[in-house]
Amino acid sequence: MAAKTDTPNCVIGDGSIFDGRFSVNGSILIEGKFTGDIRTDDHLIVGPSGKVRTDIVARRVTVAGTLIGNIAASEEVTLLHTGKVLGNITTPKLIVEPGVITEGRVTITSGQSEDAKKIIEDSFGPAPDEAFTTVARERKRSREKDREEPVK
């Protein structure tokens, strides 16, 4: 889960229930049940017994429990083998262990601030139908030109 030197600043322990808005300066470990809004400038860890229903905004996120909500991580997301996520994930780096259960959209940004879809489309070049249309137009013009020229 967290590195041995990564001691959380805040813990919502197993058996605890929190419902509301939570903003943490530092890392947080959730082993209990959490619903509401949560933000941290550091590492958010949903432990194996953690059950979380919220959208997460953090630098790093590790999920070993259950999360219903979206994740926006500025550095990385790690889904451990016991993790279950129902929601979208946006991050520059995604680590997924075998055994994870997830449903949602994943956007890996590689640290780019631009829209990922635009970067990929620009990298691909013209759409196949546009390229096909251009070739088809050129062939049609060539055939028309051949028809216009008198046979010698």
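The numbers here are math on the coordinates, done by the rules we state, and not lab data. This one's a predicted model, so the numbers in the text were calculated from it and none came from an experiment. A quick note on method: Cβ atoms are made from the backbone with ideal geometry, for glycine too, and the neighbour counts reach across all protein chains shown.
Taking each of Lys51/Lys93; Lys51/Lys118; Lys33/Lys93; Lys33/Lys118; Lys33/Lys117 in turn, the alpha-carbon distance tops 28 angstrom for Lys51/Lys118; Lys33/Lys118; Lys33/Lys117.
Here the spin labels are modelled as points 7 Å beyond Cα on the Cα-Cβ line, and at Asp55 and Ile108 they lie 2.4 nm apart.
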